[in-house]
1. What are the residues in the range 50-75 that are outside any strand (DSSP E or B) and farther than 19 Å from ILE101 by Cβ, if any?
2. Against the conditions (1) within 23 Å of GLU139 (Cβ to Cβ); (2) modelled with pLDDT under 95, where does THR118 fall short? Just the number, please.
3. Scanning for something surrounded by 15 or more Cβ atoms within 10 Å (Cβ to Cβ), touching a strand residue (DSSP E or B) at 6+ places or on another chain (Cβ under 9 Å) and under 17 Å from ASP58 (Cβ atoms), does the range 118-125 turn up at least one residue?
4. Where residues in the range 54-93 are hydrophobic (A, V, I, L, M, F, W, C) and in contact (Cβ under 8 Å) with a residue 24 or more places away in the chain, which of them is farthest from TYR141 (Cα to Cα)?
5. How many of the residues in the range 132-161 are touching a helix residue (DSSP H, G or I) at 6+ places or on another chain (Cβ under 6 Å) and either of a type in the set (Phe, Trp, Tyr) or modelled with pLDDT of 95 or more (or both)?
6. Determine whether LEU206 is at pLDDT below 90 and under 15 Å from ILE101 (Cα atoms).
7. Can you tell which of PHE111, PHE134, PHE182, PHE148 is aromatic (Phe, Trp, Tyr), free of Cβ contacts under 8 Å to residues at least 40 places away in the same chain and under 17 Å from LEU56 (Cα atoms)?
8. Run VAL174 past the list (1) in contact with an Asp or Glu (Cβ under 9 Å, 6 or more places away or on another chain); (2) modelled with pLDDT of 95 or more and report the number of the one that doesn't hold.
Amino acid sequence: MKKRLLCLLSLPLAAALVSGCSLLEGPEPAIVPPKPKQPGATIFEVGDGIVHGVKLNDSSNPKLPDSFQVTPLTPELLEVRSIKGGIVSAGPPEVMRVAGIVAPLPGQPGFDQALLTTGRWTLGEVSIEQDDKFPRDLEGYRYVQVFFKGTGGETKDKELSLNRMLVRSGYAVVDLNSPSTFTKFPSGSWTWYNDEQYARQHKLGLWGSGILLGQRLPPPAPTVAANNDDNVQVQTGVQPAPPAGAPNAAAPGAPPGAGAMPPGAPAPPQPMPPPGAPGGPAVKS
């Protein structure tokens with residue numbers, strides 16, 4: 001009985017000792033919630049910075065094609081055939097120019113990659129709009145913007161601008177020289193230039209290969225022809241003037257050939273040597 005009472009009394013004492021130890025160790029640390037992950041770069045809004053032109057196809061208009069089929073000749077030049085009622089036109093294709101961009105030309109670095117990308121995106125049916133203010137370039141090609149459907153991710157089944165996507169992916173740059181209303185962005189929007197900067201910073205497409213396109217190349221250093229003896233600049237293709245007093249020397253301001261001797265004319269008299277010189281008159285003593 002005494003032993004059982006002792007055990008009962010010892011239990012509260014043990015609990016107090018454990019509680020005292022926990023008080024000496026301090027309170028439990030507060031639980032800190034984990035930091036949320038920063039969102040990664042999301043896809044751009046496909047409608048931002050898109051200026052629409054004149055539609056060349058409209059399935060609701062019986063006078064216009066439903067869509068087009070294109071074959072890229074270069075990333076900028078496309079062979080275009082119209083599609084109506086699921087039938088591709090049998091006539092000769094029309095060549096149109098992708099407006100607002102500069103891409104590699106045949107034989108230039110990056111041409112094959114840019115052409116392959118253009119062909120992959122335009123596989124199937126596309127829609128085309130023509131620039132309403134600058135409808136054609138100096139060679140007579142239509143200035144157009146081409147739209148294709150996205151096939152995966154956040155852009156699946158969304159209408160994408162081929163012109164802008166070539167810039168965004170690093171296979172073209174914004175054309176700074178040729179006029180196009182497609183690059184005259186709405187107020188406050190510079191999306192295509194932002195896309196070019198994005199591709200450059202992330203080394204996408206040709207930027208990742210160190211390939212600079214024409215309008216982004218630094219201007220060449222001027223070359224100067226120089227005289228090998230005294231390193232003085234000289235003009236090429238200019239004949240040196242004859243010395244003053246020469247038979248063929250023309251007077252200042254005279255027309256070319258004014259100092260030339262006519263055929264058959266007698267030779268001009270030569271000056272006499274001074275007296276006493278060899279060949280000169282004798283000197284009287």
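The values are calculated or read from the model by the stated rules, or taken from the named source; none is laboratory data. Remember, predicted model here, so these are calculated numbers, not experimental data. Cβ atoms come from the backbone with ideal geometry, glycine included; neighbour counts cover every protein chain shown.
1. Matches in the range 50-75: ASN57, ASP58, SER59, SER60, ASN61, PRO62, LYS63, LEU64, PRO65, ASP66.
2. For THR118, the failing item is (2).
3. Yes.
4. Here the residue is ILE83.
5. So the count comes out to 3.
6. Taking the combined requirement at face value, the residue does not satisfy it.
7. PHE148
8. Unmet for VAL174, out of (1) in contact with an Asp or Glu (Cβ under 9 Å, 6 or more places away or on another chain); (2) modelled with pLDDT of 95 or more: (2).
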